[in-house]
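For reference, the structure discussed in these notes is given below.
The values are calculated or read from the model by the stated rules, or taken from the named source; none is laboratory data. Not measured: the values here are computed from a predicted model. Here the Cβ positions follow ideal geometry from the backbone for every residue, glycine too, while neighbour counts run over all protein chains shown. Ligands, DNA and RNA are stripped out before the accessible areas are found, and what is left, the full protein with its side chains, is counted by its heavy atoms. Shrake-Rupley method; radii C 1.70, N 1.55, O 1.52, S 1.80 Å.
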Amino acid sequence: EDQVTQSPEALRLQEGESSSLNCSYTVSGLRGLFWYRQDPGKGPEFLFTLYSAGEEKEKERLKATLTKKESFLHITAPKPEDSATYLCAVQLNAGNNRKLIWGLGTSLAVNP
Amino acid sequence: DAMVIQNPRYQVTQFGKPVTLSCSQTLNHNVMYWYQQKSSQAPKLLFHYYDKDFNNEADTPDNFQSRRPNTSFCFLDIRSPGLGDAAMYLCATSRSGSTVGYTFGSGTRLTVV
């Protein structure tokens, strides 16, 4: 069964304390992996798309990487405004490939 | 700015009273999606339109219907809301073949009383 698992469920960091969020996936065939940020009471905001193992994308303090089994979202020197839930989703390369398989997210809190 | 707009942001409806949520987009994306998201859960796809073609998920209850009168607008109709339908409803759009992920609206928070 196609599955996406995110860890940890929740993470609390001090401002400036770098860390990584994990998204592991078991799917029949990967077309793309997406990272989203979701603030409370709002819709997810697109961050990155990754397509192949070894690919990396960066945006400000965030860097996403991809292997054949998992993706990491590295947060360097986080600030309180980085506090949010980070969602990972996988798009399959066969069948109903417009459907995303979502992880449950990592809730990140950054303390000043 | 091009965007996805959902109205209303908050909707309170009575148990069993039909309700309609709306979504509009200025991105000219050909695919539109409706998701249901409950607290601390991942978004759950209800259905999507690929151009005019409607695609229903197998586990979406018949209580949920959708209309897409044109490229820009999409509606979610809940015919007889139950307490279990209280959730955030998210509209999203995408362009087929694009490398950019879905663009989501801010959502409509539905409360059933």
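Answer yes or no as to whether residue B:30 is surrounded by fewer than 18 Cβ atoms within 10 Å (Cβ to Cβ), under 11 Å from the mean Cα position of the chain (by Cα) and either within 14 Å of chain A (Cβ to nearest Cβ) or among the aliphatic types (A, V, I, L, M) (or both). Taking the combined requirement at face value, the residue does not satisfy it. When residue B:107 is tested against (1) closer than 30 Å to residue A:9 by Cα; (2) open to solvent by 10 Å² or more (accessible area, probe 1.4 Å); (3) at the interface with chain A (Cβ under 8 Å from one of its Cβ atoms), only condition (2) is not met.
The residue of the range A:21-39 that is farthest from the other protein chains (Cβ to nearest Cβ), among those that are assigned to a strand (DSSP E or B) and open to solvent by 50 Å² or more (accessible area, probe 1.4 Å), is A:26. Applying the selection to the range B:37-54, what residues are surrounded by 15 or more Cβ atoms within 10 Å (Cβ to Cβ) and of a type in the set (S, T, N, Q)? The one that is surrounded by 15 or more Cβ atoms within 10 Å (Cβ to Cβ) and of a type in the set (S, T, N, Q): B:37.
All but one of (1) closer than 30 Å to residue B:7 by Cα; (2) more than 11 Å from chain B (Cβ to nearest Cβ); (3) assigned to a strand (DSSP E or B) hold for residue A:74; which doesn't? If we test residue A:74 against (1) closer than 30 Å to residue B:7 by Cα; (2) more than 11 Å from chain B (Cβ to nearest Cβ); (3) assigned to a strand (DSSP E or B), just (1) comes out false.
Please work out if residue B:65 is surrounded by 15 or more Cβ atoms within 10 Å (Cβ to Cβ), of a type outside the set (Val, Ile, Thr) and more than 24 Å from residue A:105 (Cβ to Cβ). Considered against the rule, which asks whether it is surrounded by 15 or more Cβ atoms within 10 Å (Cβ to Cβ), of a type outside the set (Val, Ile, Thr) and more than 24 Å from residue A:105 (Cβ to Cβ), residue B:65 comes out as yes. Of B:77, B:51, all but one fail to be acidic (Asp, Glu) and over 12 Å from the mean Cα position of the chain (by Cα); the exception is B:51. Considering the range A:58-112, and only residues there that are open to solvent by less than 60 Å² (accessible area, probe 1.4 Å) and in contact with a helix residue (DSSP H, G or I) (Cβ under 9 Å, 6 or more places away or on another chain), the residue that is nearest to residue B:43 (Cα to Cα) turns out to be A:108. Per the listing A:57, A:42, the residue uniquely of a type outside the set (Asp, Glu), free of Cβ contacts under 8 Å to residues at least 12 places away in the same chain and assigned to a strand (DSSP E or B) is A:57. Taken over the range A:40-57, the criterion of being exposed (fewer than 13 other Cβ atoms within 10 Å of the Cβ) and under 30 Å from residue B:7 (Cα atoms) is satisfied by A:40, A:41. Scanning the range A:60-71 for residues that are assigned to a strand (DSSP E or B) and of a type in the set (Lys, Arg) returns a single hit, A:63.
The residues listed here are B:92, B:87, B:58; of these, the one that is of a type in the set (A, V, I, L, M) and open to solvent by 50 Å² or more (accessible area, probe 1.4 Å) is B:58.
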